[in-house]
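Data block below; observations after.
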Amino acid sequence: KQEVTQIPAALSVPEGENLVLNCSFTDSAIYNLQWFRQDPGKGLTSLLLIQSSQREQTSGRLNASLDKSSGRSTLYIAASQPGDSATYLCAVWRLSGGSYIPTFGRGTSLIVHP
Amino acid sequence: AAGVIQSPRHLIKEKRETATLKCYPIPRHDTVYWYQQGPGQDPQFLISFYEKMQSDKGSIPDRFSAQQFSDYHSELNMSSLELGDSALYFCASSPVANEQFFGPGTRLTVL
């Protein structure tokens, strides 16, 4: 059974810092890995999707890497801003019965203070 | 661009009542997924449908049922509600075997 762990569970940093959020998974037979952002009580916003054959994806100040063999992914946030404050969820996808089903981590709760 | 629509956005029910949550997928997406996220928890997959047929089943209680209609919208029916059913319920849609797009969620509170 796939297990996804995110470290740290919570992070509080001053504005401007570069951050690394970690995600590890136990079963390397994944279809892809996706990072989401979730604001309190709100829905999931997709940030980056990395196919299993890819090593990294970049979007603006965000960069996500994937090392399938070691079961790890990192989300790098450059020059953090207060607007980045949210919970960041990592999800790994597997193929099951014709559907692609995600297993989510518990998330990293990020606070960026001015 | 059109997104996944969920209704209602908020719902308050008493214990033992029933609730129906609706999901309208992005046009031309034929697959719908339902997830439950309890307070402080990660989202848990409940059930999925492809072309109006159930395609996969996760940790969905027997008290819950769902279906996908001819217009591809889906409904999650929840009966004999319990306090522990209070959660954020997400729907996601995708073209077959592709990236899922999540709706804003329905927050269900059971009193």
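None of the figures in this text is laboratory data; all of them are computed from the coordinates on show. Given the structure is predicted, the values throughout are model-derived calculations rather than measurements. Cβ atoms come from the backbone with ideal geometry, glycine included; neighbour counts cover every protein chain shown.
Remarks
- Near pairs, Cβ below 7 angstrom, 6+ apart or cross-chain, from the range A:50-63 (charged (D, E, K, R)) to any residue that is in a strand (DSSP E or B): A:R55/A:S65; A:R55/A:L66; A:E56/A:I50; A:E56/A:N63; A:E56/A:A64; A:E56/A:S65; A:E56/A:L66; A:R61/A:I77
- Of all the listed residues (B:P95, B:P43, B:P104), the sole one being within 13 Å of another protein chain (Cβ to nearest Cβ) and within 15 Å of A:W93 (Cα to Cα) is B:P43.
- All positions within the range B:47-68 that are within 19 Å of B:Y89 (Cα to Cα) and more than 12 Å from chain A (Cβ to nearest Cβ): B:I60, B:P61, B:D62, B:R63, B:F64, B:S65, B:A66, B:Q67, B:Q68
- Condition broken by B:D71, with the remaining ones in (1) under 23 Å from B:R16 (Cα atoms); (2) surrounded by fewer than 20 Cβ atoms within 10 Å (Cβ to Cβ); (3) more than 11 Å from chain A (Cβ to nearest Cβ) satisfied: (1)
- Options B:A92, B:A66; residue that is part of a strand (DSSP E or B), under 11 Å from the mean Cα position of the chain (by Cα) and within 21 Å of A:T45 (Cβ to Cβ): B:A92
- Among the numbered conditions (1) more than 14 Å from chain A (Cβ to nearest Cβ); (2) aliphatic (A, V, I, L, M); (3) in contact with a Ser or Thr (Cβ under 9 Å, 6 or more places away or on another chain), the only one that B:L83 does not meet is (3).
- Restricted to strands (runs of 3 or more DSSP E) entirely inside the range A:43-106, those with at least 2 residues that are within 14 Å of another protein chain (Cβ to nearest Cβ) and aliphatic (A, V, I, L, M) are A:44-51, A:86-96.
Quick grid of which residues meet (1) touching a residue at least 40 places away in the same chain (Cβ under 8 Å); (2) under 20 Å from A:P102 (Cα atoms); (3) acidic (D, E):
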{"site": "B:R9", "(1), (2), (3)": "yes, no, no"}
{"site": "B:K13", "(1), (2), (3)": "yes, no, no"}
{"site": "B:L21", "(1), (2), (3)": "yes, no, no"}
{"site": "B:H29", "(1), (2), (3)": "yes, yes, no"}
{"site": "B:S55", "(1), (2), (3)": "no, yes, no"}
{"site": "B:E75", "(1), (2), (3)": "yes, no, yes"}
{"site": "B:M78", "(1), (2), (3)": "yes, no, no"}
{"site": "B:S93", "(1), (2), (3)": "yes, yes, no"}
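- If you filter the range B:74-85 down to residues that are buried (at least 17 other Cβ atoms within 10 Å of the Cβ) and more than 11 Å from the chain's Cα centre (by Cα), you find that the one that is nearest to A:Q51 (Cα to Cα) is B:D85.
- Those residues of the range B:31-45 which are free of Cβ contacts under 8 Å to residues at least 40 places away in the same chain and part of a strand (DSSP E or B), in sequence order: B:Q44, B:F45
- Residues of the range A:20-31 classified as surrounded by fewer than 20 Cβ atoms within 10 Å (Cβ to Cβ) and either within 13 Å of chain B (Cβ to nearest Cβ) or not in a loop (DSSP other than H, G, I, E, B) (or both), total: 4
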